[in-house]
Amino acid sequence: MNLYAPILVLGGIALAFGVVSLVMGALTGPKRYNRAKLEAYECGIEPTPQPIGGGRFPVKYYLTAMLFIVFDIEIVFLYPWAVYFDSLGMFGLVEMAMFVAAVFVAYAYLWRRGGLEWD
Amino acid sequence: MIETSSLASGVVLANEGGGGLHSVAASGAYSALWLVVGLPLLGALLLLVGGKRTNAFGHILGTAMALGSFAVGVLMFVTMLGKDDADRSVDQHLWTWAPVNEFQADIGLHLDQLSVVFVLLITGVGSLIHIYSIGYMAHDENRRRFFGYLNLFVAAMLLLVLANNYLLLYAGWEGVGLASYLLIGFWQHKPSAATAAKKAFIMNRVGDFGLAVAVFLMFTTFGSFDFADVLGGSASASDGTMTAIGLMLLLAACGKSAQFPLQAWLGDAMEGPTPVSALIHAATMVTAGVYLITRSAEIFNASPDAQLAVTVVGAITVLFGAIVGCAKDDIKKALAASTMSQIGYMILAAGLGPIGYVFAIMHLVTHGFFKAGLFLGAGSVMHGMNDEVDMRRYGGLRKYMPITFVTFGLGYLSIIGFPLLSGFFSKDKIIEAAFAKGGTSGWILGAVTLLAAGLTAFYMTRVMLMTFFGKERWKEAPAGAPADWHEPHPHESPTSMTGPMILLAFGSVFAGGLFVLNESFVKWLTPVTGFSHGDLPMSEWAVTGMALSMVALGSAVAYVQYARRDVPAVAPAASLVTVAARRDLYQDAVNEGLVMRPGQYLTRLLVWFDNRGVDGFVGGLAAFIGGTSARVRKVQTGFVRSYALSMFGGTLLVVACTLMARMA
Amino acid sequence: MSMSTAATATLAVTKVDAPTIEYGKLSPILIIAGVAVVGVLIEAFLPRPARYRAQLTVALVGMIAAFGAVVWLARDLPDDHRGSVTAMGAVAVDGPSLFLQGTLLLIGIASVLLIGERRLEPAGGDAFAPQAAAAPGSQQEKDAAAAGWTQTEVYPLTMFSLVGMLLFPAANDLLMMFVALEILSLPLYLLCGLARRHRLLSQEAALKYFLLGAFSSAFFLFGVAMLYGYSGSVSLDKIGVASAGAMDNDALLLIGLAMVAVGLLFKVGAVPFHSWTPDVYQGAPTPITGFMAAATKVAAFGAMMRFFYVALPGMRWDWRPVMIGVAIVTMVAGAIIAITQTDVKRLLAYSSIAHAGFILTGMIAMSDAGVSSTMFYLVAYGFVTLGAFAVVTLVRDARGEATHLSHWAGLGRRSPLVAGVFALFLLAFAGIPLTSGFSGKFAVFQAAARGGAGSLVVVGVLCSAVAAFFYVRVIVLMFFSEPKVDGPTVVVPSVMTTAAIALGVAVTVVLGILPQPVLDLADKAALFVH
């Protein structure tokens, strides 16, 4: 346990510091509120104004982003596979074929259901 | 010589007659053994399940089943006659009911010289009583149900005597208890019958409890229920265990055979139809206790204390029943008291050990004949007398019912031990055996049996005289008779009733003689029960002489009292002893004071405790759990953040506990 | 020349051996994965009206084929019933795997029958939203409903989830286990949000399940990292070897095992990781609730047993006390909170929490009997649960399923058959003899008692008594209360729901009266491959 004792002590100090500062602040600090103090960020910068209707990104954006990630990850696998293609042999080919097929099935689904049409 | 192997000792026992449970698997004619139980059981099933559809032929079917069972029984008997002693006992394994490791509950039958006697008695007398009942119950709308119950009884009783293990015997034991309950309460519309049935059932439960404990003890001691294992091993078990088992078996016997102190139900059981009284409460079921003790001979042989207890119980009951019988005016209750007393003889004899077992069974069989005959005769009298049971309202009936008179009279002569009739031989042997026990206890038991013989002669002569002789007291209206009272017209009963009475009368007269002729009965049973001649401290003739003089004395007193003087139509005031006897020697009062009232108080206490204590606790606990639930469910706020917090806290707890488990 | 030599050298130095995978041994999982992919293709290329029938057929045929594959593999198990590992030690094909996979496939078949039920909604359609992407209550949703659309994606989603479930108890290393956990969870999160009625409640349930599930996955993964840090491997076998000699300085091991346990306990809904259960069970479409309640427990308990029995048998004195504590708290809390529930689905949720405690009791026994009794309990419990939720789908009023208990008053008078079947399931939950629940409880309590966890058995029996109260209360309510005037009606389902309920009844009764063959099978299948 000796190995971890310093970590525990450090954690204890950090916890104590947080608790003590909050308690001290609450006990000693003056309590005068104004509008600026109630802002999310007290440094004076206004938060970005929300667009009308709730500040959402269009859902199409998510679709496109996720499609990008899918193919991005596919590439991550394809690179090392290509490097070791020789030594992996038939096994590598079959496995990669299955993997690519699965990804393409997802792609086909997205495509057929209109996920690639922006409007 | 000391180092006899278990096998050899078994052989020795068999030669001595004890432990004669060496038996072979049933084959040949024996393989029909199961039919003995099966036929009446089938009859009971058909009649009770078939319901009203079997009303028309129910009585015929029931009787046929009983007769069929009797026929198979005779076949068994004849087959057995053709074999040597060694090959006479057979086992028939039917199936294993519940095999659980050591616990092997087998359904198997065991037929030997002892059980075949019972089979013949039960099916023989049973068949006669079935036939008698056809006439007796002719006008009862529930006759079919009655025959169903009778068949059920016969099946259960046969199961009891044919079982090859104590567990199955227990099943039969409970079966006859059930049938007895159903038949005593057959006329359940009468509150007295319903009460009597309940009383019989509850008092029997006390005895059944004894049998159950005995069976438990056997299993823990021997690891088996089989007669062969239990009785074969009884020599090796400790004395204390054997005494405990023996006393528990005695308790069981007391319940079923109406022995002191569980005798009170038998008199009330006469509320049942008379054929029931004849079959169940005279000839067969009440002798189950005797069978149980005789069957368990090895257990009692191994425990002199238990044997002594048996003889004491028998001796008390023999006098108890006889005294009660002297004062009863109800003909059936007088006979019931007599039954109790006679079974006391048998129990006493069974308690004597090998010198008495054979004679207990012999008296049991002759008693089965004459007592069944007497009951059927009583039933016949009642049949002709508008169901009147008070002997003070009988008198001079011999002219009106000659057949009943003759058969009843032969039964009467037999029971009092008139020379050369059945009862004479069997009772005389028991008196001899009691004296032959030796020692002070032998003298006391002998005296008791002699005294009881005199009392028997007195009360039976009284019954005889009051019923068939003297003035015809039934012609006058009783005091306080209802307005529509009319004079009874005594008449002889139909052939279906007199026939069985005649046959039973033959048994009452000749059975005993046949049994002692060439000592055939002793030789027959010795392989199973063992037999030894005791040392009679006087000559056999002296004993017989004393017994006969007691009988003569008793009869003479009764003659003086009931034939020379007029019998009053209403019981007169009498001495304290007579009053006590009329009230069954206060047995009900004793039961009430000792058991019933404390029981009621206990029940009330338990109810109170249950209401306040148990229910309060349970209710409180439920309320507590419910309250906790209502409080705890508030933790389920529906906010995912608090869920996540609780998970986080839980994780910390699990991690901390895991670390702490190592530290600890 | 030198350049090429160097290049060759680089390649030559790192030349790898191609891994081997015995596809045959993975065939049940691969078949279901294939079915799921085909399901996606059906969604992509078949016209809308043809999809339902095609999806249903493919899913059912696929699951039956996979079940056949499981049986075929089980027959090929060597005589000592120890199986083998495949996929480079990542997947175990042994008795417990195959037994639980078979169970999961049977539950899957019954679940798909429930999911495919289309007779219950008066306006047509199934239990799922006509168009999940449409905002609840929007015009778009109404249009979709009016057009009679259905979201047939539920079938491939269910199949993907089933793939994860089949893999979860078979996973023989922690990474594979994590992957399986995610495969089974992600589709379930989605499925939970697809209810046709009470859309908002359903979506809330899905979101809660997703957030808390992600939270617990994090714990799981963190624990895996710690265990890797301790033993240098994610393989359960190697962790087992490393932990067998653990003496001092093994805080990493202890924290790691606790955190992995937390991730698994979350999935089975043990206290204090149970809080999602009632909300999610209530909000999810009822066929999915049934599937989730039955199959997730089977898979998660399978994985948990493998984790503790294969990776940490040497650490039992460290984890057993904690798990005993968790089991006790789970049984007590589940049974007690269930008493005051007024909604059938929440009642069943708390009941499932209590049952998680009972099943933990068997697992803690740490013996072959513990494994076999736990697996038997899972079979018994799985079918009872599925059947009970199936019955819930039948009792409906104008607003959909009438799940408030007050609506169930007097149901026995109006529909004695349905109420009788539900009563049978409740009796099985309560562990009344002659039902599968009794056999299961008896088996796990016996195993726990033999395993030295007597205290657990006492608490378990007491909690069974408390639990019996609220089960019987529902029975009393159904049979001995006056029916409400405007009470719900019992809808007559198609043959599919009927078959699923009949399967539940059959398993409940058969395992109650003749449990021995299945107990024997579980006994034979109780050995984990090491």
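The values are calculated or read from the model by the stated rules, or taken from the named source; none is laboratory data. Treat the numbers as computed from the prediction; the structure is a model and nothing was measured. We place every Cβ from the backbone using ideal geometry, glycine too, and count neighbours over all the protein chains shown. Side chains are part of the model used for accessible areas, which takes the heavy atoms of the whole protein and leaves out ligands, DNA and RNA. Shrake-Rupley method; radii C 1.70, N 1.55, O 1.52, S 1.80 Å.
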Problem set entry | Shielding by other protein chains, C:199-212, mean Cβ within 10 Å | 1
Exercise. Tell me, what is the FRET efficiency for residue B:235 and residue C:530 to the nearest 0.05, using R0 = 51 angstrom and their Cβ-Cβ distance as r?
Worked result: 0.35
For this session: Give the calculated FRET efficiency between residue B:489 and residue B:138 to the nearest 0.05, with a Förster radius of 25 Å applied to their Cβ-Cβ distance.
Result: 0.90
Seminar exercise, completed: Other residues with Cβ under 14 Å from the Cβ of residue B:564 give, with Lys and Arg +1 and Asp and Glu -1, a net charge of +2
For this session: Once you have the Cα-Cα distance between residue A:60 and residue A:86, take 0.36 nm times their residue separation minus that, and quote the gain in nm to one decimal.
Result: 5.3 nm
For this session: Report, by chain and number, residues whose modeled amide H sits under 5 Å from the one on residue C:196, excluding near sequence neighbours (fewer than 5 apart, same chain).
Result: C:128, C:129
Exercise. Looking at the stretch B:93-155, which chymotrypsin sites (Phe, Trp or Tyr not before Pro) are DSSP coil and have at most 11 other C-beta atoms within 10 Å of their C-beta?
Worked result: none
Problem set entry | Positions from the stretch B:614-632 whose accessible area shrinks by 50 Å² or more when the full protein complex is built, not the chain alone, probe 1.4 Å | B:625, B:629
For this session: Per residue of the stretch B:381-389, in order, report the coupling 6.51 cos²θ - 1.76 cosθ + 1.60 (Karplus, θ = phi - 60°) as ³J(HN,Hα) in whole Hz, putting x for Gly and Pro.
Result: 4, 4, 4, x, 10, 6, 6, 6, 10
Seminar exercise, completed: On the formula 1/(1 + (r/R0)^6), with r taken between the Cβ atoms of residue A:28 and residue C:404 and R0 of 41 Å, the FRET efficiency rounded to 0.05 is 0.15
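Count charges around residue C:467 for me, please; just the other residues with Cβ under 13 Å from its Cβ, Lys/Arg as +1, Asp/Glu as -1. Write out the running numbers ahead of the final one.
Working: positive: C:441, C:473; negative: none.
Computed value for this residue: +2.
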Problem set entry | Under 5 Å, built H, 5+ apart or other chain: amide partners of residue B:330 | B:391
For this session: Quantify, in whole percent, the carbon and sulfur part of the accessible surface of the stretch C:314-467 (1.4 Å probe; protein heavy atoms only).
Result: 72 percent
Problem set entry | Reciprocal mean inverse distance between Cα atoms of the stretch B:456-561 - Kirkwood radius, Å | 18.8 Å
Problem set entry | Sum of side-chain charges, residue B:434 neighbourhood, beta-carbon under 12 Å (Lys, Arg +1; Asp, Glu -1) | +1
Exercise. In nm, to one decimal, how far is the modelled label at residue B:642 from the one at residue B:589, with both set 7 Å along Cα→Cβ?
Worked result: 7.5 nm
For this session: Return the calculated 222 nm mean residue ellipticity for chain C, to the nearest 500 deg cm²/dmol, obtained by summing -39500 (n - 2.57) across DSSP H runs with n ≥ 4 and dividing by the residue count.
Result: -23000 deg cm²/dmol
Exercise. When the label point is put 7 Å from the Cα of residue A:4 along its Cα-to-beta-carbon vector, which residues of the stretch C:260-288 have a backbone N closer than 18 Å?
Worked result: C:260-263
For this session: Please list C:200-207, B:635-642, A:102-109, C:358-365 highest first by mean number of surrounding beta-carbon atoms within 10 Å per residue.
Result: C:358-365, C:200-207, A:102-109, B:635-642
Exercise. By how many degrees, between 0 and 90 and to the nearest 10, does the Cα long axis of helix B:58-81 differ from the longest principal axis of chain B?
Worked result: 80 degrees
Exercise. Using the Cα gyration tensor of the stretch C:37-181, with a ≥ b ≥ c the square roots of its eigenvalues, what is the shape: rounded (a/c below 1.5), prolate (a/b larger than b/c) or oblate (neither)?
Worked result: prolate
Exercise. Do any residues of the stretch A:97-119 lose at least 20 Å² of accessible area when the full set of protein chains is present rather than just their chain alone, and if so which, with a 1.4 Å probe?
Worked result: A:98, A:105, A:108, A:109, A:112, A:113
For this session: Counting only heavy atoms of the protein chains, get the accessible area per residue of the protein assembly as shown (1.4 Å probe) and round it to a whole Å² value.
Result: 42 Å²
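Please compute how much accessible surface disappears when C pairs with B, both sides summed, using a 1.4 Å probe, and round it to the nearest 100 Å².
Protein heavy atoms only, the C-B interface buries about 2600 Å².
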Exercise. Given the C-alpha centroids of the stretch A:1-33 and the stretch B:322-350, what is the distance between them in whole angstrom?
Worked result: 99 Å
For this session: For n ≥ 4 DSSP H runs only, could you compute -39500 (n - 2.57) per run for chain B, divide by its residues and tell me the 222 nm figure to the nearest 500?
Result: -22500 deg cm²/dmol
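Would you work out if the stretch A:58-112 is rounded, prolate or oblate? Take a ≥ b ≥ c from the square roots of the eigenvalues of the alpha-carbon gyration tensor; rounded if a/c is under 1.5, else prolate when a/b is larger than b/c, oblate otherwise.
Cα axes put the stretch A:58-112 in the oblate bin.
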Problem set entry | With every protein chain in place, the stretch B:342-414: carbon and sulfur % of accessible area (1.4 Å) | 62 percent
For this session: In nm, give the distance between the simple-model label positions of residue C:510 and residue B:206, each being 7 Å from the Cα along the Cα-to-Cβ direction.
Result: 5.4 nm
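Shielding by partners for C:338-348, please: the mean number of other protein chain Cβ atoms within 10 Å of each residue's Cβ.
For peptide C:338-348, the averaged partner shielding equals 2.
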Seminar exercise, completed: Rounded to the nearest 100 Å², the accessible area buried between C and A, both sides, probe 1.4 Å, is 1600 Å²
